[in-house]
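The values are calculated or read from the model by the stated rules, or taken from the named source; none is laboratory data. As the structure is a computational prediction, the values presented were derived from the model and not from experiment. So basically every Cβ, Gly included, is an ideal-geometry build from the backbone, and we count neighbours across all protein chains shown.
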Amino acid sequence: MALNKEIAQILTDIDLEDLLDRMEAYARRRLRGLSEKDLEGLEILDFVFTVFNKALTNVRNRGDSSFEQFVFGSLKSDISSFFKQKKNFVDFSENGDDKETSLDLEFIKKETIIELKRLGADIYELTLFECWTEGITKRAEIAELMEVSVKEIDYATKRLERKLLRLRHKIKFLL
């Protein structure tokens with residue numbers, strides 16, 4: 001993977017310690033109130049360093065914005081994506097001690113799939129929903145599993161989210 005030399009040069013020219021401190025403070029404000037369990041094993045600085053990793057490996061492009069706008073915008077986007085993933089994820093795969101609860105969750109999953117089919121969900125959307133319920137939430141992992149591009153997963157995610165919004169009241173009723 002090619003290193004973005006422009007970003008690398010900027011990182012050597014700025015007060016990196018100050019930037020890291022400000023980015024960490026921003027991430028702490030956005031993630032306040034979340035426990036270690038909620039953060040799924042991530043540390044606050046993991047979000048910050050992910051921004052630099054993506055910038056250096058050209059996953060994120062700076063465009064015309066200033067470097068600070070770029071890194072803080074990327075950090076904001078990554079944290080928002082984290083919250084979005086958490087909101088869409090319901091852990092049906094968690095095996096609790098109570099078999100009745102496990103059966104209830106399996107029933108809800110099946111009913112939701114039936115309703116998604118009724119709303120015209122395609123195979124990508126149904127498979128994506130099943131991946132989410134099995135705890136697979138990373139786009140690249142799902143794309144590889146389904147043998148499609150990440151872009152196709154993004155499109156399917158948007159369609160699925162719209163359908164799930166329409167089913168929200170029925171799912172809450174089942175819960």
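Each residue in the stretch 139-157 was checked for being within 13 Å of the chain's Cα centre (by Cα) and of a type in the set (S, T, N, Q), and 1 pass.
Of the residues making up the stretch 19-29, not a single one is of a type in the set (D, E, K, R), loosely packed, with under 13 Cβ neighbours inside 10 Å and at pLDDT below 80. Here is a check on your reading of the model: is residue 82 surrounded by 13 or more Cβ atoms within 10 Å (Cβ to Cβ), modelled with pLDDT of 70 or more and within 30 Å of residue 165 (Cβ to Cβ)? Yes.
Only one of these is at pLDDT below 75 and not assigned by TED's automatic domain parsing to the domain that holds residue 157: 73, 63, 41. Name it.
Just a single option satisfies the conditions, and that option is 63.
Return the residue satisfying two criteria in turn: it lies in the stretch 1-18 and is touching a helix residue (DSSP H, G or I) at 6+ places or on another chain (Cβ under 7 Å) and closer than 19 Å to residue 47 by Cα, and of such residues it is modelled with the lowest pLDDT. The extreme case among them is 8. Every condition in (1) assigned by TED's automatic domain parsing to the domain that holds residue 163; (2) in contact with a helix residue (DSSP H, G or I) (Cβ under 6 Å, 6 or more places away or on another chain); (3) at pLDDT below 70 is met by residue 92 except one, and the failing one is (1). Within the stretch 119-133, is there a residue that is acidic (Asp, Glu), in the same structural domain as residue 105 (by TED's automatic domain parsing) and crowded, with 18+ Cβ neighbours inside 10 Å? Checked the stretch 119-133: at least one residue is acidic (Asp, Glu), in the same structural domain as residue 105 (by TED's automatic domain parsing) and crowded, with 18+ Cβ neighbours inside 10 Å.
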